[in-house]
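Read the structure below first, then the notes.
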Amino acid sequence: MSGHLSSKLGNLPILPAIMSGEVGAICALAEAAFVRAVADGEFMIEPLESEDIARAATLIGKYSDLELGFVDATVIATAERLDATEVLTTDRRQFSAVRQNHIKAFRLNP
């Protein structure tokens, strides 16, 4: 699974809206727990903006050798727009390789 969460702005983790569909790749119980956490307000849902999509297209082209997908690219673009410095991810390879506009590198967790 390439589940990625752009991390905290204030006290809540930020969940780019596009990413919410990726959670189903885990298992039904994990998906149910995740959906409950979103419903309970444990995440801030962040809609994509046109600038995020444009930046994602640039990233996908620039990092074509990584096979950076749309969801990962929009997580990076959204994190850049929000000046996020931390990303929660199970895919460290892509997030380690991509250079951001606003910081030297993301702090990756777990």
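Regarding Val98, is this residue touching a His at 6+ places or on another chain (Cβ under 9 Å) and surrounded by 12 or more Cβ atoms within 10 Å (Cβ to Cβ)?
So Val98 does not fit the description; no.
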Within the range 56-76, residues of a type in the set (D, E, K, R) and not in a helix (DSSP H, G or I) come out as Glu67
### Message
Can you say whether Glu31 is among the acidic types (Asp, Glu), surrounded by fewer than 17 Cβ atoms within 10 Å (Cβ to Cβ) and part of a helix (DSSP H, G or I), as far as the supplied structure shows?
### Response
yes
Going through the range 77-110 in order, the residues found to be of a type in the set (A, V, I, L, M, F, W, C), without any contact (Cβ under 8 Å) to a residue 40 or more places away in the chain and in a helix (DSSP H, G or I) are Ala77, Ala97
Across (1) among the β-branched types (Val, Ile, Thr); (2) surrounded by fewer than 17 Cβ atoms within 10 Å (Cβ to Cβ); (3) at pLDDT below 90, Val23 clears everything bar (2)
Screening Ile103, Ile76 for residues that are surrounded by 17 or more Cβ atoms within 10 Å (Cβ to Cβ), modelled with pLDDT of 90 or more and closer than 22 Å to Glu51 by Cβ leaves only Ile76
Within the range 54-72, residues within 22 Å of Leu88 (Cβ to Cβ) and β-branched (Val, Ile, Thr) come out as Ile60, Val71
Note on the range 55-65: residues farther than 14 Å from Ile18 by Cβ and either free of Cβ contacts under 8 Å to residues at least 24 places away in the same chain or charged (D, E, K, R) (or both) are Thr58, Gly61, Lys62, Ser64, Asp65
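The values are calculated or read from the model by the stated rules, or taken from the named source; none is laboratory data. Since the structure is predicted, the reported quantities are computational estimates derived from the model, not experimental observations. Here Cβ is always computed from backbone atoms with ideal geometry, including for glycine, and neighbour counts include all displayed protein chains.
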